Amino acid sequence: MIHATVRHQGRLTGARVEGDRVILLDAADAVEAALRGGAPWGEIDTASAHFARTSPAPEHVLCIGLNYRSHIEQLGRSLPEYPTFFAKFASTLTGPRDAITLPSVSRQVQGEVELAVIVGTSLHRANPSEAAAAIAGFSVANDLSMRDWQHRTSEALQGKVFDRSTPLGPFLVGADDVDGGRELELSFRVDGVLWQTGSTSDMLFSAAELVSYCSQFLTLRPGDVILTGTPGVTPAAGDLRPGSVLETAIEGLGVSVNPTVAEDVTS
């Protein structure tokens, strides 16, 4: 089943998506709609729907680096024994149709298509089977990275948490509908040009393994987001510029379409 968080009449609401129909539900967001359902109270079409970030206010946003074999090989590194982590904040997330403001303080902004796992239940010290059962669904994310800030120190955080720099959505798709996210094609295009492509079958640590691992050191909560890493880049990839359109897609999960704009430094 496909759910979404929609901004409608000035507020967020959960919805169920059926083809071109967006059925508005008595639920706060996509996560609540997926977990508990909700009574229908309205309907709009997908063309006019304002899709918001799938999980509007996660308590935790955890991100995995070096999780695609192709990307690790491209960087000339050895396969890690354990997942490599950094974190984001809820303020870093934005909607899958929203404009992304490229910060004036960075000259090296790059995009990264990522499979996002949305946690459905509280989870602590879970094994992979328990973790798989606790996944509310999957979504599309783009981990925009300000590389010049990221590489100022050995810690990546400052280059990963710029305000409203990580689109999440448009849909929350149940794990059973996409076979647990195991073999999904990913792509990232800028103005129609392919900058990234890959498959989740190339992931070193699976979605369930990552959820399980995270739960060993942190109690996961409903709505928490785990970004699972990114594949390698094509020769066309480079730094983003204002005026482009970013298309971030994952098979079965939809497409995030975000225009980029320059930061207004006069205000």
Which numbered condition Pro167 fails, given (1) in contact with a Ser or Thr (Cβ under 7 Å, 6 or more places away or on another chain); (2) modelled with pLDDT under 95: (2)
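Go through the stretch 44-103 and count every residue that is outside any strand (DSSP E or B) and in contact (Cβ under 8 Å) with a residue 12 or more places away in the chain.
First, pick out the residues of the stretch 44-103 that are outside any strand (DSSP E or B): 46-50, 52-60, 66-67, 69-83, 89-92, 95-99, 103.
Of the ones still in play, those that are also in contact (Cβ under 8 Å) with a residue 12 or more places away in the chain are 46-47, 49-50, 52-60, 66-67, 69-74, 79-80, 82-83, 89-92, 95-99, 103.
So the count comes out to 35.
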Complete set of residues in the stretch 19-36 that are of a type outside the set (Asp, Glu), in contact with a strand residue (DSSP E or B) (Cβ under 8 Å, 6 or more places away or on another chain) and either in a helix (DSSP H, G or I) or at pLDDT below 95 (or both): Ala30, Val31, Ala33, Ala34, Leu35
Among residues of the stretch 160-177, those that are assigned to a loop (DSSP other than H, G, I, E, B) and among the acidic types (Asp, Glu), counted: 1
Any hit, the stretch 90-105, residues being among the β-branched types (Val, Ile, Thr) and touching a helix residue (DSSP H, G or I) at 6+ places or on another chain (Cβ under 9 Å): yes
Selected residue (criterion: farthest from the chain's Cα centre (by Cα)) from residues of the stretch 121-153 that are within 24 Å of Ser199 (Cα to Cα) and part of a loop (DSSP other than H, G, I, E, B): Ala134
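Do we have any residue at all in the stretch 95-103 that's surrounded by fewer than 16 Cβ atoms within 10 Å (Cβ to Cβ) and under 18 Å from the mean Cα position of the chain (by Cα)?
yes
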Filter result (within 22 Å of Ala90 (Cα to Cα) and either touching a helix residue (DSSP H, G or I) at 6+ places or on another chain (Cβ under 6 Å) or among the basic types (Lys, Arg) (or both)) within the stretch 138-161: Phe138, Ser145, Met146, Arg147, Trp149, Gln150, Ala156, Gln158, Gly159, Lys160, Val161
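For Val255, state whether it is hydrophobic (A, V, I, L, M, F, W, C) and over 13 Å from the mean Cα position of the chain (by Cα). Talk me through it step by step, then tell me what you get.
Numbers: hydrophobic (A, V, I, L, M, F, W, C): yes; over 13 Å from the mean Cα position of the chain (by Cα): no.
When the stated conditions are applied, Val255 does not pass them.
The values are calculated or read from the model by the stated rules, or taken from the named source; none is laboratory data. The shown structure was predicted, so the numbers you read here are calculated from the model rather than taken from an experiment. Backbone-built Cβ (ideal geometry, glycine too); neighbour counts: all protein chains shown.
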